[in-house]
Amino acid sequence: MSQPLLQIKNLNISFEANGSTSKALTDITITVNKGEIVAIVGESGSGKSVTSLSILQLIPSPPIKYNSGEILLTTNGETVDILQLSKDELTKIRGNKVAMIFQEPMTSLNPVLTCGNQVMEAILLHKNCSKKAAKAKTIALFNQVQLPNAEALFNCYPHQISGGQKQRVMIAIAMSCQPDLLICDEPTTALDVTVQKNVLQLLKQLQQQTQMGIIFITHDLGVVAEIADKVVVLYKGNIVEENTVANIFSNAQHPYTKALLACRPILHKKGERLPVVSDFLQDTSNKLQVPSNLQPVISNKQPATNNLQPATLLSVKNLKVYFPAKKTFLGKVLDYNKAVDDVSFDVYEGETLGLVGESGCGKSTLGRTLLRLIDATNGSITYKGENLIATTNGKLKTLRKDMQIIFQDPYSSLNPRLTIGEAIAEPLLVHHIITNAKARKEHVIELLEKVSLQANHYHRYPHEFSGGQRQRIVIARALALQPSFIVCDESVSALDVSVQAQVLNLLNDLKKDFGFTAIFISHDLSVVRYISDRIMVMNKGKIEEIGTAEQVYLHPSSSYTKKLIASIPKGYKVSA
């Protein structure tokens, strides 16, 4: 029998800082064979990324400490223990024999280099070829990962392309040297469902062509069902379950695995409280069960209606947001990027309007334009009878108290120098609300407890929290001024499915408590279907269709919407 491509044997890792030691991984043993896809599944903090980063020794020591164990890599008939290699020996392996696709493309790509040069850099470092050949291979890779207009994108900088396109550039870099082992750390988390489907198919195709091994790290078991051969479930640094995909989905044993299977919104009726991990871990009587067929639950029951027409909170008419795309040498604009192109719709008081579409369709631009964070080119935005486009800055500042946004990336939207208590209190100070310091602190602590955080978190900084906790912090900050209207811009797209369930439950609870109206922007139609009253689908700056959540999800009229729905992992049906 041939030697496995990768063997992690009894790996024990801890982190040491300020004289204290915290255990990260306990006796981890994982085997990856050539041509095999092994999924490592778990929530943030379970040890997934520590495991993957350790394979390439990407965490500095200190703070990391390898207490015991081996990481054996076998390529070209030679086996080496990665933990024993020198820096020069590691350099020859990184990106060449073992490549990695990181979760955060914006922080992984170099902002001062073009996308093309970043792929060429890896090729020129490890392969003996000319710059011309490296450029040709780079463009071919861009086409392979389905980037639009590959030759033009070669000269684009990371900030000039969408999030989904950045992730595909990262995949091109990882594949540039045809590695024996590819480590994918949440590579599809922030991608559109259509792009996700294409990326998964691409990875599977490349794996079959080259027989490379893949470690696929994710929190989404729906994705695992589509790509993996074997599943390893991590919880608090321990392997709690390991089996083939078919056995995991048909007969999960550990309560934690069952929770991950059960908490996806697509498996539950609209507005129904989503189960979370703690529900299953505390269920000693084993009453909670994973849905037997693991298929989408759709309610055909029509919502109760009355003759009262809901009041219109926000009305958008013929809105256009154009950005210069091409200029002459003297600065005359020759062509425009029509991010939002002649859009009209209404938002009713008390409703949640879901806004869906792929990266680059104009969702976030539209959301930010509604709050005047981006200036409109033409059209009108009427909020409570006030035309926001014609509003003076002074009046706009007053209206801003009533209109808030929850950004996609909570870490970058929080000031790292402010404690979270100060961050949540800041809008109260800006708008001269609750001027008494003691009363202001009490109000902030009340908000923290509303979003299931604790009073003693007040003095902590953003880096001391997990991704899900940071998302709760920015939700608390958005609610500090008790707004009537909130734009949620991809606010759950990068969260673990279990944490996502907690945040969606929280948003439903807070909506009942505070009575705000919301626009919920997402690329995931299954999440939008769960939380929204109506859904609006955007494509290339225009509205494709708008209707009730069940109507759009069950009976889409647009071919584009049908394509989005067809790309959603419908359940976890796995062939044995």
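The order of the peptides 68-76, 483-491 by mean Cβ neighbours within 10 Å, most packed first, is 483-491, 68-76.
Quick one: pull the percent of accessible area on segment 147-268 belonging to carbon and sulfur, 1.4 Å probe, ligands and nucleic acids left out. The nonpolar share, carbon plus sulfur, comes to 41 percent.
Candidates PHE329, THR391, ASN415 compared by Cα position along the dipole of segment 317-433: farthest toward the positive end lies PHE329, with charges placed on Cβ.
In order along segment 438-443, phi translates into HN-Hα couplings of 5, 5, 5, 5, 4, 5 Hz, rounded to whole numbers, per the Karplus curve 6.51 cos²θ - 1.76 cosθ + 1.60 with θ = phi - 60° and x for Gly and Pro. Here the convex hull built on the C-alpha positions of segment 495-576 has a volume of 126 cubic angstrom per residue. Once the Cα-Cα distance is subtracted from the 0.36 nm per residue extended length, the ASN393 to THR328 segment shows a gain of 20.2 nm. For the chain, the mean residue ellipticity at 222 nm estimated from helices alone is -10000 deg cm²/dmol, where every DSSP H run of n ≥ 4 contributes -39500 (n - 2.57) and the total is divided by all residues, rounded to the nearest 500.
Measuring with a 1.4 Å probe in the full set of protein chains, what accessible area per residue, in whole Å², belongs to the chain?
Working: 26100 Å² over 576 residues.
Per-residue value: 45 Å².
Here segment 479-529 is treated as an ellipsoid with the same Cα gyration tensor; its semi-axes, largest first and in whole Å, are 19, 12, 9. Charged side chains reduced to their Cβ positions (Lys and Arg at +1, Asp and Glu at -1) give segment 480-531 a dipole of some 180 debye around its Cα centre. Centroid-to-centroid, using Cα positions, segment 460-493 and segment 112-186 are 34 Å apart.
Across all directions, the shadow cast by the convex hull of segment 107-191 built on its C-alpha atoms averages 5.4 square nanometres.
Overall, the chain carries a charge dipole of about 1140 debye about its Cα centre when +1 sits on the Cβ of Lys and Arg and -1 on the Cβ of Asp and Glu, all other atoms neutral. Ligands, DNA and RNA left out, the 1.4 Å accessible surface of segment 10-141 is 51% carbon and sulfur atoms.
Charges at C-beta only: +1 for Lys and Arg, -1 for Asp and Glu. How large is the resulting dipole of segment 6-138 about its Cα centre, in Debye rounded to 20? Walk me through the intermediate numbers first.
Numbers: 14 positive and 11 negative charges, 129 e Å.
About 620 debye.
Size estimate for segment 1-115 follows the Kirkwood approach: the inverse of mean 1/r over distinct Cα pairs works out to 15.6 Å.
Surface composition of segment 382-537: carbon and sulfur atoms hold 47% of the protein heavy-atom accessible area at a 1.4 Å probe. Available extension along the chain between TYR157 and ASP509 is 122.6 nm, counting 0.36 nm per residue and deducting the alpha carbon span. Spatially close Lys pairs in segment 366-471, defined by Cα atoms under 20 Å apart and a spacing of eight or more places or different chains, total 7. Rounded to whole numbers, the Karplus 3J(HN,Hα) couplings from phi for segment 111-117 are x, 9, 10, 5, 4, x, 5 Hz, using 6.51 cos²θ - 1.76 cosθ + 1.60 with θ = phi - 60°, and x at Gly and Pro.
In this structure, the amide hydrogen of LYS542, modeled 1.01 Å from its nitrogen in the peptide plane, lies closer than 5 angstrom to those of ASP341, counting only residues at least 5 positions away or on a different chain. Of all DSSP bridge pairs formed entirely within segment 439-576, close to 55 percent run antiparallel. Here is the tail figure for segment 1-56: Cα pairs spaced more than 12 Å apart come to 72 percent of all pairs.
When both segment 231-262 and segment 9-70 are represented by their alpha-carbon centers, they are found 18 Å apart. Measuring with a 1.4 angstrom probe and ignoring ligands and nucleic acids, MET106 comes out at about 110 Å² accessible.
The values are calculated or read from the model by the stated rules, or taken from the named source; none is laboratory data. Treat the numbers as computed from the prediction; the structure is a model and nothing was measured. All Cβ positions, glycine included, derive from the backbone under ideal geometry; neighbour counts span all protein chains shown. We work out accessible area using only protein heavy atoms, side chains counted, and drop any ligands, DNA or RNA first. Shrake-Rupley method; radii C 1.70, N 1.55, O 1.52, S 1.80 Å.
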